[in-house]
1. For region 110-118, take each phi angle, set θ = phi - 60°, evaluate the Karplus expression 6.51 cos²θ - 1.76 cosθ + 1.60, and give the result in whole Hz per residue in order, putting x for glycine and proline.
2. Using a 7 Å offset from the Cα along the Cα-to-Cβ direction at both GLU26 and GLU107, what is the distance between the two label points in nm, to one decimal?
3. Could you run the Karplus curve 6.51 cos²θ - 1.76 cosθ + 1.60 with θ = phi - 60° over region 32-45 and give me ³J(HN,Hα) per residue in whole Hz, x for Gly and Pro?
4. Note down the accessible area of LYS103, probe 1.4 Å, to the nearest 10 Å².
5. LEU17 to GLN202: extension gain in nm, 0.36 nm per residue of separation minus the Cα-Cα distance?
6. If r is the Cβ-Cβ distance from GLU118 to THR2 and R0 is 35 Å, what FRET efficiency results, to the nearest 0.05?
Amino acid sequence: YTTLFRSIYTALVNAGLDVTPLNYDETVLTDEIIANDFVGKYDLVVLAGNTGSKTNLAKAFNLLLGKVNVLSTKSFWYNKTSPAGTNGDNPGTADNPSLNLVKLVAEHPIFAGIAGDEFAVFNDMAKSNGRYLQQNGQFAGNSPEQVALALTNGADCIGEAWVDGKGYVIIPVDGAQPAGYLTADGEALFANVAKYLIAGEQYNASRFD
């Protein structure tokens, strides 16, 4: 297990959730596999770690949308980076590279219990790649609006979308997976997002001013 996977797993378990580790990195997802392995068996699928866009899971990831709630540390597809990187950098570069959220959608349930409107999600502050939200270039036949829930360095960071009543939240991780564990607020964030998606009550978040 990667450090990131373990830290997210621990955060969810400590929040009282029943978590089953699964490994589908080398599996080509199909509608049949999703129907048999996920739908009706799990309230939420958490994709935690550096899952590159060329992996089998990423290639078929869109099949999950609208069928099961998803919390992902990577959006897999993008048609641009924000702020722009070079040669398709994943997902961009920044002077202040950690996922340090500096503006949050007020009163959104995923920020419950987190004081203030600025906090760091990861405790490793020394990455050269910035963690910004990739703009989704592919949602299969669905084209849901992706709503930004937080900004970092003025760029969209955490994103939310809903497809056929199922939620999808992205907390992006850069291509060089963070070596450090989650901060205490980061643990609370992942737990809040998981519970929010499982509840299935979409919050009508507005864009930033």
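The values are calculated or read from the model by the stated rules, or taken from the named source; none is laboratory data. Keep in mind it's a predicted model, so treat the numbers as computed, not measured. All Cβ positions, even for glycine, are placed from backbone atoms using ideal geometry, and neighbour counts span all protein chains on display. In case anyone asks, the SASA skips ligands and DNA or RNA and just uses the protein heavy atoms, side chains included. Shrake-Rupley method; radii C 1.70, N 1.55, O 1.52, S 1.80 Å.
1. For region 110-118, the Karplus curve yields 6, 9, 4, x, 9, 6, x, 10, 8 Hz.
2. Once both label points are built, they end up 5.0 nm from each other.
3. Result, rounded to whole Hz: 5, 4, 5, 5, 7, 9, 10, 5, x, 9, 10, 7, 7, 10.
4. Estimated to the nearest 10 Å², LYS103 gives 90 Å².
5. Working it through step by step, the gained length comes to 64.6 nm.
6. With R0 = 35 Å, the Cβ-Cβ based efficiency is 0.85.
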